[in-house]
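Trainee: Got a structure for you, written out below as structure tokens; questions coming shortly.
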Amino acid sequence: MTDAVQRPAPGPAPHVPRPAGRIARLVLWAEFLTLYLAAPLFMALAAPPQWIWPLLAGATALGVALLFRTPGFSWRELARAPDQGDWAWAAAFALGTLLLAAGLCAWINPDALFGLARERPQLMVMILLFYPFLSALPQELFFRALFFRRYGALLGAPTRPAAMLANAALFALAHLFYWNWVAVGFTFVGGLVFAWAYAHRRSFLLAWALHAAAGGMVFLSGLGVYFYHGAIGAPAVAAQSVHLR
């Protein structure tokens, strides 16, 4: 009788130190609320559109600096490879995202369906090549690594549903400046998946790969028209940008 082959468990969860003392905890809460609540609301409600990208770049740079200073954090932990079976799951997720995004695009904006791939294929290829590094990577550093490693103790165990729901909700809030429900809705659902990959599968690389795949499929489907700089606008204007036909 042979022993059953067991799938290896994910690697050990990184230790998230609890802040020592009330002052340290208050400082972390101040950082957390500023980065993940006040800054997105300012960008959505008060910042001119031309300020958005400099503000995002500055927030990301600050987040990376804070991550570097987080006790117990090591950049090497971000390099842990996903389990072999996770790659098959990631491929299925990418295909599912493409089908969902294309279906939604065909419903709400059929003229845009696969528009970028049809009309500007070279630009589409450039997005597929560079989106993972210029967009998905900094977002995952900020919303997964920094969020859970530096502020996870404020929300309880990182793997608790409440922590992952909070992560997804704040990730969606960070896209509010687009002022359309497609961007906010897709990023909330995506945020749940990326948080699960980071917190439960304990792999930053998997979360990054899923984010890169989702972003690429959204732009490929044509739904990327709601995620680019031209989609940024005031609420009154953007309320007309996503409509049902």
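The values are calculated or read from the model by the stated rules, or taken from the named source; none is laboratory data. For clarity, every value in this text was computed on a predicted model and none was experimentally measured. Using ideal geometry, Cβ is built from the backbone for each residue, glycine included, and neighbour counts are taken over all protein chains shown. What goes into the accessible areas is simple: the full protein's heavy atoms, side chains included, and nothing from ligands, DNA or RNA. Shrake-Rupley method; radii C 1.70, N 1.55, O 1.52, S 1.80 Å.
Trainee: Once R0 is set to 25 Å, what does the formula 1/(1 + (r/R0)^6) return for the Cβ-Cβ distance between GLN122 and GLN84, expressed as a FRET efficiency to the nearest 0.05?
Mentor: FRET efficiency, GLN122 to GLN84: 0.15.
Trainee: Return the distance in nm (one decimal) between the two label points of a simple spin-label model at THR34 and ALA47, each offset 7 Å from Cα along Cα→Cβ.
Mentor: Those two pseudo-labels are separated by 1.5 nm.
Trainee: Within a Cβ distance under 12 Å of PHE143, other residues only, what is the Lys/Arg minus Asp/Glu net charge?
Mentor: Cβ neighbours under 12 Å give a net charge of +2.
Trainee: How large a share of the accessible area of segment 78-220, in percent, is made up of carbon and sulfur atoms when the probe is 1.4 Å and the other protein chains stay in place?
Mentor: Carbon and sulfur: 74 percent of the exposed surface of segment 78-220.
Trainee: Further question: Taking R0 as 25 Å, what FRET efficiency do you get between HIS200 and ASP111 from their Cβ-Cβ distance, rounded to the nearest 0.05?
Mentor: That gives a FRET efficiency of 0.05.
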